[in-house]
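Below is one structure, written out as structure tokens, with a few remarks after it.
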Amino acid sequence: MALISQFLGILIYIYKEMDTHKRPHVHAVYGGEDMSIAADGEIFAGQLPRKQQKYVEAWVALREDEIKAAWIAINKHDTVITIKGLEG
């Protein structure tokens, strides 16, 4: 698990997957709650408080290509790429 972004108190993690057929996705954590969201915006599991979930969805929409690149980097090259948050 690697922290790749953080903004507005939300932490965004990416995991190295054993099953490389999974779609690129990240895990968002806020206040003890978490959710998994694909690079295309589909929510796989969990949820955050409504306001924070909307922030994560906006961040994913803005950073889809960067999320996909981070997914490839960690799964194929064991390299962690950080991604700017909503503030930057």
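If we count other beta carbons within 10 Å of each Cβ, what is the order of 36, 5, fewest first? Write down the numbers at each step before the final one.
Values: 36 15, 5 24.
Listing 36, 5 from fewest to most nearby Cβ atoms yields 36, 5.
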Label-point separation in nm, residue 16 to residue 3, each point 7 Å along Cα→Cβ: 2.0 nm
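Which whole-number percent is the relative contact order of the chain (Cα, under 8 Å, 6+ apart)? Don't skip to the end; give the middle numbers.
Details: 142 pairs, mean separation 24.6, N = 88.
It rounds to 28 percent for the chain.
Would you work out the charge dipole size for the chain about its Cα centre, treating the Cβ of every Lys and Arg as +1 and the Cβ of every Asp and Glu as -1, and quote it to the nearest 20 debye?
On the way: 10 positive and 12 negative charges, 18 e Å.
In debye, rounded to 20, the chain gives about 80.
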Calculated on alpha-carbon atoms, Rg and Dmax of the stretch 2-77 in Å: 11.5, 35
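Starting with the fewest neighbours, write out 22, 76 ranked by other beta-carbon atoms found within 10 Å of each beta-carbon. Could you put the intermediate results ahead of the total?
On the way: 22 13, 76 10.
The order, fewest Cβ neighbours first, is 76, 22.
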Expected 222 nm ellipticity per residue - DSSP helices of 4 or more, -39500 (n - 2.57), all of the chain, to 500: -11500 deg cm²/dmol
C-alpha long axis of helix 50-77 to longest principal axis of the chain, angle in °: 10 degrees
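FYI, it's all coordinate maths here, none of it is from the lab. Since this is a predicted model, take the numbers as computed values, not measurements. Because the Cβ atoms are built from the backbone with ideal geometry, glycine has one as well, and the counts that use them run over all protein chains shown.
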